[in-house]
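K.L.:
Below: one structure in structure tokens.
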Amino acid sequence: MKYDISALGNALVDTQYKVSHEFLASVGLEADSMTLASAEEQAPIIEKLIAMGAESVSDCGGSATNSLVAAANYGSKCHHVCRVSDDEDGRKYIESLRSAGVHHIGISSENSDVPTGKCLILVTPDAKRTMSSMLGVSAFLGSADIDYEVVENSKIFYIEGYMVTSDDNFNAVISVLEHLKDKKIIKSLSLSDAGIVHGFKEKFDQIVSYGVDMIFCNDDEALAYSGADDLEEAINFYKDKPYMTAITKGADGSVVVKDGKEIHADAQKITPIDTNGAGDMFAGSFMHAYLQDNDLKTCAEFSNFASSKIVETFGPRLSADGYAEVVNKLRKS
């Protein structure tokens, strides 16, 4: 089967809560950041959230997952390279992927004593999201989880930037990139988090050295990877690169940098509720639109619109009608 997008990323069961900034301070988390945690470190936070009756939603998550679910709902054929355990969360995760139309190799038989990963996503009244991620068995994703034939028969191979935080994950990424050498497939990378970029810059450089064609990032991540002091300087950095860079800027829209040129797309005027998943939605929407042979400005405008719908929603998913509304926007453009 020929796929449109194959992605490699963490499989995390996301549970999202509405909290105050005071709550973040009380559990020692920095607002609008991502922190890696153990199950033991997450446990007291979960207990406190349950005790206070915080409003929550839960679904299969992870950055690449969110992007694939969006693209699949538009009609793209998608395959996810990820690892879950044979536990309740893992089985729910696979079923959720199936219901979204995203294919997967199946539940891993290795590291069976390690649970499926979990991510606590804490959303404050300013719509910012703070994440505490327990990678679980996802941290051990390796070559046994990869169907190389499926990946090489995809139009786009998409790499979630969080893969640099685990040696097993990073080695899995490199093994795929080695396999794809001299093969005609678009290689796409998400920078994922500014702190991760700062901490693992050499690994990102190694991935990019394999001839990445697209990079997706927000303005903070763009600054982190370029080493620039401001966005204008960062844009000039990306103008000299052989790859396309799509930079999201929140309420200021997005800019696509390609072949020395800047393509700006305005944001939708909305009242933000929750920014979690907005960048993932942008990337998944952009890749889908790109594969439909749309020009870069149309891809960016469509992706801005899609992201705005996620930001207006509590949680990283739209309803079936919501995805249909978004893709109809592309068809009319």
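The values are calculated or read from the model by the stated rules, or taken from the named source; none is laboratory data. Here the structure is a predicted model, which is why all the values come from computation and not from measurement. In this analysis, Cβ positions are derived from the backbone assuming ideal geometry, glycine residues included, and neighbour counts consider all displayed protein chains.
K.L.:
Collect the residues in segment 169-192 that are surrounded by fewer than 18 Cβ atoms within 10 Å (Cβ to Cβ), in contact with a helix residue (DSSP H, G or I) (Cβ under 8 Å, 6 or more places away or on another chain) and either of a type in the set (G, A, S) or at pLDDT below 95 (or both), keeping them in residue-number order.
P.N.:
Selection gives S175, K183.
K.L.:
Still on this structure, please answer the following. All but one of (1) part of a loop (DSSP other than H, G, I, E, B); (2) in contact (Cβ under 8 Å) with a residue 40 or more places away in the chain; (3) under 15 Å from G161 (Cβ atoms) hold for Y210; state the number of the condition that does not hold.
P.N.:
(2)
K.L.:
Please tell me if S143 is at pLDDT below 95, under 24 Å from L189 (Cβ atoms), among the hydroxyl-bearing types (S, T, Y) and in contact with a helix residue (DSSP H, G or I) (Cβ under 6 Å, 6 or more places away or on another chain).
P.N.:
In short, yes.
K.L.:
Give segment 116-158 a look and list any residue that's part of a helix (DSSP H, G or I) and either surrounded by fewer than 20 Cβ atoms within 10 Å (Cβ to Cβ) or touching a Lys or Arg at 6+ places or on another chain (Cβ under 9 Å) (or both), or say none. Step through it out loud before you land on a result.
P.N.:
Applying the first criterion (part of a helix (DSSP H, G or I)) to segment 116-158 yields 136-140, 143-145, 148-152.
Passing the criteria: G136, V137, S138, A139, F140, S143, A144, D145, Y148, E149, V150, E152.
K.L.:
A further question follows. Quick one: is G61 in contact with an Asp or Glu (Cβ under 9 Å, 6 or more places away or on another chain) and surrounded by 15 or more Cβ atoms within 10 Å (Cβ to Cβ)? Lay out the reasoning, then the answer.
P.N.:
Details: in contact with an Asp or Glu (Cβ under 9 Å, 6 or more places away or on another chain): yes; surrounded by 15 or more Cβ atoms within 10 Å (Cβ to Cβ): yes.
So G61 fits the description; yes.
K.L.:
In addition: Are any residues in segment 234-262 touching a His at 6+ places or on another chain (Cβ under 8 Å) and farther than 15 Å from N218 by Cβ, and if so, which ones?
P.N.:
none
K.L.:
Here's something else I'd like to know. Return a yes/no flag: does segment 97-115 have any residue that is assigned to a helix (DSSP H, G or I), among the basic types (K, R) and either over 17 Å from the mean Cα position of the chain (by Cα) or at negative phi (or both).
P.N.:
Checking segment 97-115: at least one residue is assigned to a helix (DSSP H, G or I), among the basic types (K, R) and either over 17 Å from the mean Cα position of the chain (by Cα) or at negative phi (or both).
K.L.:
Moving to a separate point now. When the residues of segment 245-255 are filtered to those that are buried (at least 22 other Cβ atoms within 10 Å of the Cβ) and of a type outside the set (S, T, Y), which remaining residue is farthest from S209 (Cα to Cα)?
P.N.:
I247
K.L.:
Specify the residue that is farthest from V311 (Cα to Cα); the eligible residues are those in segment 36-89 that are modelled with pLDDT of 95 or more and part of a loop (DSSP other than H, G, I, E, B).
P.N.:
Result: K77.
K.L.:
Residue check: is Y225 farther than 14 Å from E160 by Cα, modelled with pLDDT of 95 or more, in contact with a helix residue (DSSP H, G or I) (Cβ under 7 Å, 6 or more places away or on another chain) and not in a helix (DSSP H, G or I)?
P.N.:
No.
K.L.:
Let me ask something else. Going by what's in this entry, would P242 be described as within 18 Å of L189 (Cβ to Cβ), surrounded by fewer than 16 Cβ atoms within 10 Å (Cβ to Cβ), over 16 Å from the mean Cα position of the chain (by Cα) and not hydrophobic (A, V, I, L, M, F, W, C)?
P.N.:
The answer is yes for P242.
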